[in-house]
Structures are given as C-alpha cells and as structure tokens.
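Asker: Shown below is the structure under consideration.
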C-alpha cells in the first residue's frame, strides 16, 4: 500500500508518498490541473490519498475518487492540532498528511454529495451576482451625482422601468453602459432563480426552513445546502460552531474570558442567518425570537443582539430539521421532546 499526502495550491500540488514502513520514496510537485493529476495517478495501482479541505480541493478530490482510489479530506484546523501532538510538527505539509494517513489519524472533513456541492455553488453564485448588482447601482447613483442630476419627483422608485428609460435618455454613455451591465446581471439572476425554485420544490427540508418568517425560498435553500445532513452534527451547539457563531474562549489559570464569535466555518451560512434575523424582526416582531433579540439589544446593543439571535435561529433550525416540524413562533421548536 502507498500513502499519498497532497498539499494543494492554486498553481501546483506537492505530493509525498510513503510505503508501508513509513519511508518516503517520492516527494515532488505537479501542476494543479486535471491532466497533470491523471498523469500522477497513472503511477499507482494500490494507494490511499489525503488532502486538506482548503482552496481548490474539489477537482483534485473528484479526480482521485473517479479513478477508484480511496481519498480522505482532512479538516484543516483539527489536522494541525493532531500533527502537533502526534507527529511533533506544526507544519502541515504533504509529508505530514501522508504520515497521518498511514497512522489512520486523519481528522476528516464532511464531504457533501456532488449534488449538494453543485447546489452550494449555484446559491453562492447568485449571492455574488446580487452583490455585483448593488455595485452597479451604486455606480449609477455616483454617475448621476457627478453630473449634478437628480431623479425627478414623479419617479419615486429607483431603477423602475420608467426611471431606467429616463436615465438612458440623458445620453451619458457611462451611465448607459452601467445600466447594460446591471441588466445583464439581473437577467442571469432571473435564470438562476428559476433553477433554484425548482430545486427548492424538490427539497422538503428547505420548505420546512421557509416556514420561518423572514426566510424565503432562496435563503432556505442556502441554509439547507450549507447544513446538508443535519444528523452529522452532534447537537445544535456543534452546528453553531460550524457556522462560526460560537464565542471564542481564552483561559488562564484563574480566569475564563469569552470573546466575540469565532467566525470560523461557513461564512455563507453565517451571512444568511444574520440577514434572516433582520427581516424576521421586521415582519414578525411578536415571535419569541424577535423578543429575545429586543431584550439583548436593550442590554448589549444591536450588533450583539443580531448575532445572538442568529445563533438562536440556528438552534431552532436544527430542531426543526431533526424533528421534521414547521416553525412555531412561540418558541416550542427549542423545547426538547420527552423520551418515548
């Protein structure tokens, strides 16, 4: 058996190959392309592979898997801690990964199915395009201001059809160009929305999440895609840790200090939860979640209240998905059911 550790970078991969006795007999690098990967794999008949879940891991992982080899995805934070304790190094390189693989000590990252990975890319692509839309709208506002032009009073809604026609009639080419870019992006977003809504209708878990006021089909689908299989989390706190919504802790001999949230894990999940809390409080102010946020806000301010509410919202979602039940605004989603 050969044990292969791969240190994957944008331009190249570093490979370390160990034999059954832990002796390294290959240490080389190859380009980070599918063609170069396949040439490297051609040299093996029986081998196990490991790489970290950072950067551009997906096509490497899929390429190895497609060739029928066993491949493990290492958790980047946990693997460093294990390497320091067991392999006596704080440098996680290809050789360290290969050593951990041979010792069967690789802390694995969860690998979602190809369908979930594709869905994640689609919802993230939509979020990216929406940000670009906002950027172009800001450019349009800036261009109007630069030319000393204000929107007429009879055009109350910015970027309505009438407003856009008026802006094009001004004959400012930079303005028209920005509008062209904006509308091209909006068209692509509309196409993605059709795909996402069809996917939403096939996903009962996302439909459960969408029963929460303030979460539409897109937000529900994003949340579900980031969580994927809720049963992989031991409890709601582990899910919050995955979303980077648990506080950091520093401890000395006599004191324990709790800091801000870790912001580790899925930034996409954390972002949509924060956004959902804002909308939920606006449209459902009488729910237990909204009232909880209001109490925290009076004591600690809006930012901490929003973060605390996002964490509580994720607790609610955890139990909704675990039990397969819709949202109850009075807070019963958080009450553990008695044992049968």
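The values are calculated or read from the model by the stated rules, or taken from the named source; none is laboratory data. From a predicted model like this one, the values you see are computed outputs, not experimental measurements. Using ideal geometry, Cβ is built from the backbone for each residue, glycine included, and neighbour counts are taken over all protein chains shown.
Asker: Which condition number does residue 63 fail, the rest of (1) surrounded by 13 or more Cβ atoms within 10 Å (Cβ to Cβ); (2) in a strand (DSSP E or B) being met?
Answerer: Every condition holds for residue 63 apart from (2).
Asker: Is the stretch 206-215 home to any residue that is within 30 Å of residue 321 (Cα to Cα) and either surrounded by fewer than 16 Cβ atoms within 10 Å (Cβ to Cβ) or in contact with a strand residue (DSSP E or B) (Cβ under 7 Å, 6 or more places away or on another chain) (or both)?
Answerer: Yes: the stretch 206-215 contains one or more residues that are within 30 Å of residue 321 (Cα to Cα) and either surrounded by fewer than 16 Cβ atoms within 10 Å (Cβ to Cβ) or in contact with a strand residue (DSSP E or B) (Cβ under 7 Å, 6 or more places away or on another chain) (or both).
Asker: Can you go through 111, 123 and tell me which one is within 24 Å of residue 232 (Cα to Cα), free of Cβ contacts under 8 Å to residues at least 60 places away in the same chain and surrounded by 13 or more Cβ atoms within 10 Å (Cβ to Cβ)?
Answerer: 111
One line per residue, one yes/no per condition, for (1) at pLDDT below 95; (2) closer than 21 Å to residue 229 by Cβ; (3) in the same structural domain as residue 222 (by TED's automatic domain parsing):
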| site | (1), (2), (3) |
| --- | --- |
| 22 | yes, no, no |
| 27 | yes, no, no |
| 47 | no, no, no |
| 77 | yes, yes, no |
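Asker: Looking at the structure I just gave you, is residue 64 modelled with pLDDT of 90 or more and in contact with a helix residue (DSSP H, G or I) (Cβ under 8 Å, 6 or more places away or on another chain)?
Answerer: When the stated conditions are applied, residue 64 passes them.
Asker: Residues of the stretch 264-291 being without any contact (Cβ under 8 Å) to a residue 40 or more places away in the chain, in contact with a helix residue (DSSP H, G or I) (Cβ under 6 Å, 6 or more places away or on another chain), closer than 24 Å to residue 242 by Cβ and in a helix (DSSP H, G or I), which ones?
Answerer: 274, the sole residue that qualifies.
Asker: For the stretch 151-166, state whether one or more residues are under 30 Å from residue 9 (Cα atoms), surrounded by fewer than 16 Cβ atoms within 10 Å (Cβ to Cβ) and over 21 Å from the mean Cα position of the chain (by Cα).
Answerer: No, the stretch 151-166 contains no residue that is under 30 Å from residue 9 (Cα atoms), surrounded by fewer than 16 Cβ atoms within 10 Å (Cβ to Cβ) and over 21 Å from the mean Cα position of the chain (by Cα).
Asker: Please work out which residue is modelled with the highest pLDDT, limiting yourself to the stretch 79-100 and to residues that are buried (at least 22 other Cβ atoms within 10 Å of the Cβ) and out of contact with any helix residue (DSSP H, G or I) (no Cβ under 8 Å at 6 or more places or on another chain).
Answerer: Result: 98.
Asker: Could you count how many residues in the stretch 26-76 are under 24 Å from the mean Cα position of the chain (by Cα) and more than 19 Å from residue 102 (Cα to Cα)?
Answerer: The number of residues fulfilling the criteria is 10.
Asker: Specify which of the listed residues (175, 182, 196) is outside the structural domain of residue 323 (by TED's automatic domain parsing), surrounded by 12 or more Cβ atoms within 10 Å (Cβ to Cβ) and either out of contact with any helix residue (DSSP H, G or I) (no Cβ under 7 Å at 6 or more places or on another chain) or in contact (Cβ under 8 Å) with a residue 60 or more places away in the chain (or both).
Answerer: It is 196.
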